[in-house]
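Colleague: Can you read through this structure? Questions will come right after.
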Amino acid sequence: MNIGSGVRIGAQSGIMKDVASGASVFGSPALDVGEAFRILGAMRKLPAMLRRLAKLERESDQE
């Protein structure tokens, strides 16, 4: 495994493959910071989305 020059790795990240020079990664498995933050943002929305889905399903069942 090769870690390039100037790489930034977040705490407790799981590096499973080569990381290109200048990259910023975090998570386990380690992902590009931009992708990881998009995933975290979507995960934070899941509880509200599940409540809305359940409500829509109940309304649909009543029709």
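Colleague: Could you state the angle between the C-alpha long axis of helix 33-62 and the longest principal axis of the C-alpha atoms of the chain, as a value from 0 to 90 degrees rounded to the nearest 10?
Modeller: Between helix and principal axis, roughly 10 degrees.
Colleague: Let's see if you can work this out: charge +1 on each Lys and Arg Cβ, -1 on each Asp and Glu Cβ, no other charges. What is the dipole magnitude of the chain about its Cα centre, in debye to the nearest 20?
Modeller: For the chain, the charge dipole is close to 240 debye.
Colleague: Can you show me the helix-derived [θ] at 222 nm for the chain, built from DSSP H runs with n ≥ 4 at -39,500 (n - 2.57) apiece and divided by the number of residues, rounded to the nearest 500.
Modeller: Theoretical 222 nm ellipticity from helices: -17000 deg cm²/dmol.
Colleague: Out of Val33, Met43, Ile15, whose Cα points farthest toward the positive end of the dipole of the stretch 8-62 (charges: +1 Lys, Arg; -1 Asp, Glu; placed on Cβ)?
Modeller: Met43
Colleague: Further question on the same structure: Return the label of the correct value of mean projected area of the Cα convex hull in nm², as calculated from the structure shown, out of [x] 4.2; [y] 5.1; [z] 5.5.
Modeller: Evaluating mean projected area of the Cα convex hull in nm² on these atoms matches [z].
Colleague: In whole Å, how far is the Cα centre of the stretch 29-63 from that of the stretch 1-19?
Modeller: 29 Å
Colleague: Scan around Phe26 for amide H atoms under 5 Å from its own, H built in the peptide plane at 1.01 Å from N, and keep only partners 5 or more places away or cross-chain.
Modeller: Gly10, Leu31, Val33
Taken together, the values in this text are just the output of simple stated rules run on the coordinates, not laboratory data. The shown structure was predicted, so the numbers you read here are calculated from the model rather than taken from an experiment. FYI the Cβ positions are ideal-geometry reconstructions off the backbone, even for glycines, and counts take in every protein chain you see.
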